[in-house]
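See below for the structure under consideration.
The values are calculated or read from the model by the stated rules, or taken from the named source; none is laboratory data. The model shown is predicted, which means the values in this text are computed figures rather than measured ones. FYI the Cβ positions are ideal-geometry reconstructions off the backbone, even for glycines, and counts take in every protein chain you see. Surface accessibility is based on the protein's heavy atoms, side chains included, excluding ligands, DNA and RNA. Shrake-Rupley method; radii C 1.70, N 1.55, O 1.52, S 1.80 Å.
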Amino acid sequence: MKPALCLVAMGALVMDSSPQCTKQLLSERFGRGSRTVDLELELQIELLRETKRKYESVLQLGRALTAHLYSLLQTQHALGDAFADLSQKSPELQEEFGYNAETQKLLCKNGETLLGAVNFFVSSINTLVTKTMEDTLMTVKQYEAARLEYDAYRTDLEELSLGPRDAGMRGRLESAQATFQAHRDKYEKLRGDVAIKLKFLEENKIKVMHKQLLLFHNAVSAYFAGNQKQLEQTLQQFNVKLRPPGAEKPSWLEEQ
């Protein structure tokens, strides 16, 4: 029979609106209930939540950097156009305006390449945070809900075991034992699922961030060193595309 309600406890969705779960939830909140604790697993879960918060901060800063770089590119583009126009209309300063226009074009080209690298970095961090980490945390929430249910029916069974042993009570005990065992199996399965997902998440995070941090470092270093060749090689090395295939409008640099 499907529950009619959904309790919210400690960030976990508890898909059980039974009196046992409600009682367990309230007991824990007031510090009176007996709670099953897997210290090692809970430390890993807390570390994941803290890591996710920090990566979300990096993601926000990365998006801000992307916006600033894009704004800088627009300004350099406009400045290059202004210098090029003045070069044609100011014979006495044609050479000076001309090489400044070329400098802005080169800066735009390198800036577009850097922007492509930063966009790729931000996109990868976004996937890691909003997909990979979030998927693991959804399993964590299911595990926390199962843990609450397990403790609720464990406590219920323990209380029934202390009562009188008449014929009616034996039937209730058997029913409580079966319910407890079902929730125990569910809890242990989800605990195993969380442990496995945390392990794979850590391995994936290291693999992804090793690549992304190397890309970010090499691209930024090459850009500020003015090393156009190294900057382009960095994007080729990490297979970063500046624009998706089939983009209709060429960049400003291609139009010149």
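For residue 45, the solvent-accessible surface with a 1.4 Å probe is about 10 Å², rounded to the nearest 10. The modelled label-to-label distance for the pair residue 173/residue 239, using points 7 Å beyond Cα in the direction of Cβ, is 6.4 nm. Just add up the charged neighbours of residue 215: K/R +1, D/E -1, any other residue whose Cβ is under 15 Å from the Cβ of residue 215. My count for the surroundings of residue 215 gives +2.
To the nearest whole percent, what portion of all C-alpha pairs in the range 16-152 is separated by more than 22 angstrom? Walk me through the intermediate numbers first.
Working: 5905 of 9316 pairs.
Value for the range 16-152 (Cα pairs over 22 Å): 63 percent.
In the range 37-233 the Cα-Cα distances spread across 10 Å bins starting at 0 as 8, 22, 18, 15, 12, 9, 7, 5, 3, 1, 0, 0 percent of all pairs.
On full extension of the chain, what length is gained from residue 103 through residue 32, given 0.36 nm per residue of separation minus the C-alpha to C-alpha distance? Write out the running numbers ahead of the final one.
On the way: separation 71, 0.36 × 71 = 25.56 nm, distance 7.11 nm.
Gain in length upon complete extension: 18.5 nm.
Can you tell me the relative contact order of the range 15-130? Whole percent, Cα pairs under 8 Å, sequence separation 6 or more. Reported relative contact order: 26 percent.
In a DSSP loop and with at most 10 other Cβ atoms within 10 Å, the trypsin sites (Lys or Arg not before Pro) in the range 66-173 are 165. For residue 124, neighbours were defined as the other residues whose beta-carbon sits under 12 Å from its Cβ, and their charges (Lys and Arg +1, Asp and Glu -1) total +4. Under the criterion of Cα pairs below 8 Å and six or more residues apart, the relative contact order for the range 37-233 equals 25 percent. Note on exposure: 205, 54 ranked by accessible area (1.4 Å probe, complete protein assembly) read 54, 205, with the most exposed listed first.
Say the cut-off is 20 Å between C-alpha atoms; which of 141/189; 54/131; 131/205; 205/229; 131/241; 199/241 go over it? Numbers along the way, then the final one.
Numbers: 141/189 13 Å; 54/131 16 Å; 131/205 12 Å; 205/229 30 Å; 131/241 22 Å; 199/241 31 Å.
As for pairs spanning more than 20 Å Cα to Cα, those are 205/229; 131/241; 199/241.
Magnitude of the charge dipole for the range 85-131, about its Cα centre and with charges confined to Cβ atoms of Lys, Arg (+1) and Asp, Glu (-1), is about 460 debye.
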